[in-house]
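Bear in mind that the values in this text are calculations on the coordinates, not laboratory data. The shown structure was predicted, so the numbers you read here are calculated from the model rather than taken from an experiment. Cβ coordinates were reconstructed from backbone atoms using ideal geometry, including for glycine residues, and neighbour counts include every protein chain displayed.
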Amino acid sequence: MPRTLNANAITNVTSSEIYSIFLVSLEFDSPVYVHNDVGTITHQPPHLSAPVNYQGVGSLGSVSAIPETSKIAANFIDLKLSGIPNSLISTAINTNYQGKTAYIEIGLINPNTHQIIDTPTTFGGFIDTLDLNIGSTASITVKVIDQLVRFDKSSNRRWNDNDQKSDYPTDNCFTFQKELKEQILVWGGTRNV
């Protein structure tokens, strides 16, 4: 779906000399926070309650184009990190990644202070696949699908008393549901049988 810039971001883009970076957080068992500039940037992503340090990967990291469409459909993006030493391959192979959340923000950076002015655009989703390409150095490509993919999955929940009590043992909301199914109710008159 098309994204819009908030008023603060529009003001910063039109009135300042800024440059943009990608801020990527991958919520593995040991979370990874990186950006495609150099150095360390401290930033609080919208899904966390405290700031974290994003490590710069410079030109070794890339983010594919983020699709914009007017259709309501799940889209994929690719995150690629190259120049990885082969000694870290086992870490990538043994990481439990599928279904973990991933967030990509576009950070507007002040070139004089190297501080984040704003993060107007966010892509959130789930890690689908992690592909390795091994040579003298390795590259990892992480495919992330956006959050709309959850709409295609069934919750496997039932609208009955047993299912409701599995989460809320004292709730009697569906207690008489079975009896009501067979109940004949007459509204505004008498029943002729």
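What's the magnitude of the charge dipole for the stretch 17-174 around its Cα centre, counting Lys and Arg as +1 and Asp and Glu as -1 at the beta-carbon? Answer in Debye, nearest 20. Present the calculation step by step, with values, prior to reporting the outcome.
On the way: 9 positive and 16 negative charges, 58 e Å.
So the magnitude is around 280 debye.
Candidates 108, 65, 19 compared by Cα position along the dipole of the stretch 7-152: farthest toward the positive end lies 65, with charges placed on Cβ.
Straight-distance candidates among the lysines for linking to residue 165, with alpha-carbon spacing under 16 Å and chain neighbours fewer than 8 residues away dropped: 178.
According to the square roots a ≥ b ≥ c of the eigenvalues of the Cα gyration tensor, what is the shape class of the stretch 7-152, taking rounded for a/c under 1.5, prolate for a/b larger than b/c otherwise, and oblate for the remainder? Mind dumping the intermediate values first?
Working: a/c = 1.84, a/b = 1.26, b/c = 1.46.
Taking the square roots of the gyration eigenvalues as a ≥ b ≥ c, the stretch 7-152 is oblate.
Each Cα pair under 8 Å and six or more residues apart adds its separation to the average, and for the stretch 49-137 the resulting relative contact order is 23 percent.
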